[in-house]
Structure formats: structure tokens, C-alpha cells
Amino acid sequence: MVSSLAQSQSVQQDSQNIEKIRHTCAHIMAMAVQKLFKGTKVAIGPVTETGFFYDFDCPVSITPNDLGKIESEMRRIIKSKLPIIREEVDREEIKAEIASLDEPYKLDILDRISEGETITRYYIGSPDGRKVESSLFTADSLPPRDYWWDLCAGPHVNSTKEINAKAFALLNVAGAYWQGDEQAPMLQRIYGTAWETPEELQEYLKQREEALRRDHRKLGKELNLFSIQDEAGGGLVFWHPKGAAIRYQIEDYWRRSHIEAGYELLYTPHVANLDLWKTSGHFDFYFESMFDSMSVENQAYQIKPMNCPFHVLTYKNQLHSYRELPLRWAELGTVYRYERSGALHGLMRVRGFTQDDAHIFCLPEQVASEILGVLNLTEKILSDFGFKDYEINLSTRPSKSVGSDDIWELATDALVEALNTKGWKYIVDDGGGAFYGPKIDIKIKDAIGRLWQCSTIQVDFNLPERFDMEYVAPDGSKKRPIMIHRAIFGSLERFFGILIENYAGDFPLWLAPVQIRLLPVSDEVRDYAQLAAKKLKQSGLRVEIDNTGERLGKLIRTAEVEKIPVVGVIGKREVETNTLSIRTRKSGDLGALVVDNIISRLQQVIAEKTTI
């Protein structure tokens, strides 16, 4: 289910309103913190997707226990119905004022504002009663210094009275380096959320509680799926046997799906001569996200942040005819990108990850049909993994771009045609495309209603030009192919994190790392358990035996905690009848079944990607 363009205008208005509320709440929180904790200096306080935060340099540690009194002071400010005043300021005058207040982070922010750019600050309240439109205060009665300001571009509401005092909450306190720089001071960051109504707040807090229960970092540890080892470095993922078993299923499914869809598979190196990255433009435009180069025989080599240039070189290895196009090449290619340690987040933001990359090289007249093919494949794959609700964005030509008007029009029309053929409604992000081509982004909705950016389809006019890519046209001339980048998962690591949270670690049978666990109730039946396990494994099922020797109740509870989808209890009766007593997480007891029957039923559920 996707949003229509007409609906998007209403959504955009709602978005702008909630942004003003959250931005103003961030300022109100900062005002409260500076009043309650004397000597606190403020840093930045942006809006987030679900709320806001502010960074503080505070002389004392702010703890979770302090959040309640900060909220109380915020409510006092809100109930004071103070005006929000925007003021344009002169750079030198405001610089002197900030210096007199000893606010070094405000000075740093000021220095980052480009020359000629309008500089604004926003007041909560007014130092001299100017522009006061409050029913509570007049210019003569406004309490002295019941005001606060910060440099800010906005937007904000007009008065604190527009904030619902029962529709915001402070969530937690964390550490954050100034500007994300590990060499800069460590600040204290307070996160909050704000909504238009108390009902929306409660709905969000309920969802947040559920999200914490599903947190992939917590479940990854509890279910022994993966880890990130400090000894190896931040942002580098270790896939444990159970996590690796799921990854194998994902990769195997991905490869089979792509081969069936007419793709050929590639494997490319992890490093390349630095000159390649200069030719591709990554060295100039992506340098800050690349690891330092290494010296090999007096030449600079770069570990790859992208797979695209390698696919281009593969294409250029021989001259292609128009008759060969389209070429569809796919690779599970591991890339490495530098992320600041403060930005790393479990599997969602890492330094080494495997992209499900594919590139299509085609003729101009093939673009629309190829895009449609990508959309069909994306729908099939995402649906099989349990995602059927999407939000789709179409990003068009930005003000700065490469390529002719004709090629931009052709590519954009092709994207629109493919979306219309699918019958998918979409939101237009006017001017939001990359400088080298328009794109489609697909966000998937998970089990608790959150949207995750995954799939991307990007038309590229830049790399074919930079690498002088050609094909032989019907008239014998040489022309540029159209290049389409696309990823469906985005990266295996991040998609795995999304899967963990979507299923709360309770994976469907086809993905579960252990599909059936056998529970022998005594030593006398262990030989039978081994024979049954062997037969189940030979049928392709992932099986293990619990040989801990615990009592049956404990064995079943352990399997429940570990979210094993099917267990087979083995006692003397099962041995005598050549059966297993089957119990599933979803359906409970299924009774005693012969092994062949169990195999056929489980194989059917796996093939249909359903539950048992």
C-alpha cells in the first residue's frame, strides 16, 4: 500500500506542522536545561524522524532521573504562552554577543554559516517585550529574562501555547561527540518526542516499547546470531553459525531469484588502484566516506566503497553489440565505508557490509521495460520475505546535474511508465535525484508500522561518460549504453537487522536457523533421536538434538525462548511407534507423526514460505 501524490500534499502539510512542533520543543527543552543546570552550554538541537534531541555541555551529569524535572520546567514554559520570535541578525554583532555569553558551540555554528547566507535566531519570550502577543504578559509585565534564544533557521510555531503540554516526552540521555568528531568534546544528548495530541504520543510510546522489545542488537545476542567485536574494530559484523545459516538462505534465495530473472552473477575484487576511484569520481565526491588508501609496490590502492566501477570494467573488457543488450549483472559484493564511531548502530550502520548490487546495461528504448522488470523482481523478493506494504518515492532532476535534457526526460519517463504499469502510486521528490540520474526509492513497512528504506533503482548517465562506455549500434556507430543501478535489500547486514525486528526473532520456518529440534526424554532413546535427525537432515531440514539431559518441561521452555519453530519429543512410545510427537510455536501440539509425514509437511510449509 502506497501514498498517492494527492495524499502526499496533505502529508507534507502535516509533516511541516509536526516539524515546527518538534523544533520548538527542542528549544523549550534547551531553555529548561539551561535554567535548571547553571553553566550549561548548548550545541545543536535538530528534529528527528520521530522527535528531537539537543546536545549540551553541562558541568554535571544529566541522568534519566533528571528528565522528569526537565519535563516539568518545559510544561511551565509552555503554559506561560511565550511568543516565538524570529530575528535576522548581523554576523559581527551576533558573534560579539555570543562571545560575551561564552557559548563556544554557537560560535562554531556561526562560523559554519556561509558568507552571504541569512543568519537568524529564534527567541522564546522576549527580552524587552517586543512583539509580545501573549494573553498572559504585556510589554510592561513580562518577567525579566523569562526568555531564551539560539541561532536557528527554523521553522517554529508562533507561541509556546501551540504546543500540547501532554503530547511530548523526554526519552533518554546519551553521549555524543561534538559534530560527530571523536577528537572533539563529549556532550550530553537528551532525546525527546513530540506530537500534536496525547493520543498520538501514547501510540508512539507503545510502538517504541515494542521496538525496544524487537531491537535486533538485543535479539541478536539472545539468539546468538551475530556480534560486533571490539577487538576487531567497530562496525565489523561477525556472523555466528545461526546467523550465518539465515544468511545462507537469504543469499541462496537471492541468487536463484536473479538467475531465474535473467541475471548473470559476478564476483569482483575488494580493492583496486586508486586511479579507478578517481576516474569514477568517488575520490572527489565520496572521499570522506572512504578508508585511507594503502601502498602496494609504490602504487596507491583503495578498498572498495562501491561495486559499480568493477561492473563497468567488466563491461569494458570487450566491445559489445546492441544485439547483446540488455546485460544484467548481479553481485553480492562486500564494500567498506568509513563511518564515525558515534554513527555506528548494530547492523543498521556498519563499516563493512555486503550489497545486493546489480547493474543493467541497456539501450535507451529498453529502459522502461528493464525498470519494470526490476520492480517485478523487487515485489516478488520483498513479498517472499514478508513485506507487502511500501512507500514509493520518485526523485527527479536536481538543479545541478550531468546529461542532456533528452536523456533526463527519457529516463524519468521510463521510471514513471514502469510505476504506472505496476499500478503503484508514488510521491514525487522534485529535484531530489542524484546529479547523475533520476531514481526510485522503496520503503518497506514492518510488522509494527515502521518504514525502512531498502530498494533503490537509479539511472546513471555519469559513469558511462566517465569510463567512455560504448556499444556498436545497428548502423555500425558507437554509442553510450544506459546504466541502471539497483539494489533490493540494500545490504545483507541491514536487511537482516530489519528481518530480526520485523519477526521479533521468530523467523518463518524457511528462514529459521534451526527448523526442528529433537527432545529425547532419556538416554535410552538417544540412538533413535540420532537416526531420526539423520533422516530429517538428509531431506534438507536444519535439525539439532538437545542433549542437555534436562527434564522435558525445561527442554520445551528452552526451545520456546530460543524461538525454535518445531520440536519433536522422543520417549519410549515414539520409539515403539517409529514417530515423533510434534509441537510447533504457532499451532501447539500436532500429535505423534511418522518422520516421512513430518518431512513432507515441513517441506510444503518451507516451499510456500508460510508458518506451521
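Computed from the C-beta positions of Ser72 and Glu288 and an R0 of 56 Å, the FRET efficiency is 0.85 to the nearest 0.05.
Given +1 at the Cβ of Lys and Arg, -1 at the Cβ of Asp and Glu and no other charges, the dipole of the stretch 372-414 around its Cα centre is 160 debye to the nearest 20. Principal semi-axes of the equivalent ellipsoid, √(5λ) from the alpha carbon gyration tensor of the stretch 170-301, are 36, 27, 18 Å from largest down. Taking a ≥ b ≥ c as the square roots of the Cα gyration tensor eigenvalues, the stretch 289-328 comes out oblate, since a/c reaches at least 1.5 and a/b does not exceed b/c. Ranking Val459, Met483, Gly540 by how far each Cα lies toward the positive end of the dipole of the stretch 390-545 (charges on Cβ) leaves Gly540 at the top. Of the residues Gly68, Tyr426, Val566, the one whose Cα sits farthest toward the positive end of the charge dipole of the chain, with +1 on the Cβ of Lys and Arg and -1 on the Cβ of Asp and Glu, is Val566.
If each Cα of the stretch 426-495 is one equal point scatterer, what is log10 of I(q)/I(0) from the Debye formula at q = 0.20 Å⁻¹? Calculated log10 I(q)/I(0) at the listed q: -0.91. Cross-link partners for Lys380 among the lysines, with Cα-Cα distance under 29 Å and sequence neighbours closer than 8 places in the same chain left out: Lys242, Lys388, Lys422, Lys425, Lys439, Lys443, Lys445, Lys537, Lys563, Lys586, Lys609. Taking every DSSP bridge with both residues inside the chain, close to 85 percent are antiparallel. The solvent-accessible area of Leu344, taken with every protein chain present and a 1.4 Å probe, is close to 40 Å². May I ask you to give the percent of accessible area on the chain that is carbon plus sulfur, with a probe radius of 1.4 Å? Ligands and nucleic acids excluded, carbon and sulfur give 48 percent. These residues, Leu82, Leu151, go from largest to smallest accessible area, 1.4 Å probe, as Leu151, Leu82. Explain nothing, just the number: dipole magnitude of the stretch 424-519 about its Cα centre with +1 on each Lys and Arg Cβ and -1 on each Asp and Glu Cβ, in debye rounded to the nearest 20. It comes to approximately 180 debye.
In this structure Thr48 has an accessible area near 50 Å², from a 1.4 Å probe over the protein heavy atoms. Segment Asp181..Val271, full-extension length gain: 29.7 nm, with 0.36 nm per residue of separation and the alpha-carbon distance subtracted.
Residues in the stretch 187-202 carry Karplus couplings, in order, of 10, 9, 10, 10, 9, x, 9, 8, 9, 7, 10, x, 5, 5, 4, 5 Hz; the curve used is 6.51 cos²θ - 1.76 cosθ + 1.60 with θ = phi - 60°, and Gly or Pro positions show x. Only residues of the stretch 323-363 count here: report those whose backbone N is under 18 Å from the spot 7 Å along Cα→Cβ of Glu264, or say none. Residues passing the 18 Å test: 323-333, 357-363. Backbone N atoms of the stretch 503-547 closer than 15 Å to the 7 Å Cα→Cβ label point of Asp596 belong to residues 535-536, 539.
Ordering Trp277, Trp452 from largest to smallest accessible area (1.4 angstrom probe), what's the sequence? List each step's numbers first, then the result.
Values: Trp277 0, Trp452 40 Å².
Largest accessible area first, the residues go Trp452, Trp277.
Translational D (Stokes-Einstein, µm²/s) of the stretch 360-510 at 25 °C and 0.890 mPa s when Rh comes from the Kirkwood sum over C-alpha pairs? This corresponds to a translational diffusion coefficient of 148 µm²/s.
A crude spin-label estimate for the pair Glu608 and Leu531, with each label 7 Å from Cα along the Cβ direction, gives 3.1 nm. When the charge dipole of the chain is built from unit charges on Cβ atoms (+1 for Lys and Arg, -1 for Asp and Glu) and taken about the Cα centre, the candidate among Phe56, Ile381, Ser80 whose Cα reaches farthest toward its positive end is Ile381.
For the stretch 278-377, report the translational diffusion coefficient in µm²/s to the nearest whole number, using Stokes-Einstein at 37 °C, 0.692 mPa s, and a Kirkwood Rh over Cα pairs. Please report the intermediate quantities before stating the final value.
Details: Rh = 16.0 Å.
Rounded to a whole number, D works out at 205 µm²/s.
Within the stretch 142-233, the proportion of Cα pairs with more than 22 Å between them is 59 percent.
Distance between the modelled labels on Lys388 and Ser539, one decimal in nanometres: 2.7 nm (7 Å Cα→Cβ projection). Couplings 3J(HN,Hα) of the stretch 507-516, computed from phi: 6, x, 4, 5, 9, 4, x, 10, 8, 8 Hz, in residue order, whole Hz [Karplus 6.51 cos²θ - 1.76 cosθ + 1.60, θ = phi - 60°; x for Gly and Pro]. This model, with +1 at the C-beta of Lys and Arg and -1 at the C-beta of Asp and Glu, gives the stretch 276-372 a dipole about its Cα centre of some 120 debye.
For Thr120 and His240, a Förster radius of 60 Å and the Cβ-Cβ distance give a FRET efficiency of 0.70, rounded to the nearest 0.05. Modelled spin-label separation between Thr558 and Thr48, with each label point placed 7 Å from Cα along the Cα-to-Cβ direction: 3.8 nm. Helix 526-538 and the longest principal axis of the C-alpha atoms of the chain enclose an angle of approximately 80°.
Take the Cβ-Cβ distance between Asn224 and Val472 as r, set R0 to 56 Å, and report the resulting FRET efficiency rounded to the nearest 0.05. Between Asn224 and Val472 the formula returns 0.55. Distance from the Cα centroid of the stretch 171-211 to that of the stretch 278-304 is 36 Å (rounded to whole angstrom).
For Phe310, the accessible area of its heavy atoms, probed at 1.4 Å with every protein chain present, is near 10 square angstrom. All other residues whose Cβ lies under 11 angstrom from that of Ile599 are scored, Lys and Arg at +1 and Asp and Glu at -1, for a net of +2.
Its convex hull of Cα atoms gives the chain a direction-averaged projected area, equal to a quarter of the hull surface, of 35.0 nm².
For Ala300, nonlocal amide neighbours, meaning residues 5 or more places apart or on other chains whose placed amide H falls under 5 Å from its own, are Leu274. When Lys and Arg each count +1 and Asp and Glu each count -1, what net charge do the other residues less than 13 Å away from Ala176, Cβ to Cβ, add up to? Taking every Cβ under 13 Å from that of Ala176, the sum is -2. Taking only the C-alpha atoms of the stretch 495-608, the Rg (one decimal) and the largest Cα-Cα distance, Dmax (whole number), read 13.8, 45 Å. A 1.4 Å probe over all protein chains sorts Glu103, Glu203 by accessible area into Glu203, Glu103, starting with the largest.
Measure nothing fancy, just the Cα-based angle from helix 241-260's long axis to the longest principal axis of the chain, in degrees from 0 to 90, nearest 10. Rounded to the nearest ten degrees, it is 80.
The values are calculated or read from the model by the stated rules, or taken from the named source; none is laboratory data. Because the structure is predicted, anything quoted here is derived from the model rather than measured. Note that each Cβ is placed from the backbone with ideal geometry, even for glycine, and that neighbours are counted across all protein chains shown. Keep in mind that these areas ignore ligands, DNA and RNA; they rest on the heavy atoms of the full protein, side chains included. Shrake-Rupley method; radii C 1.70, N 1.55, O 1.52, S 1.80 Å.
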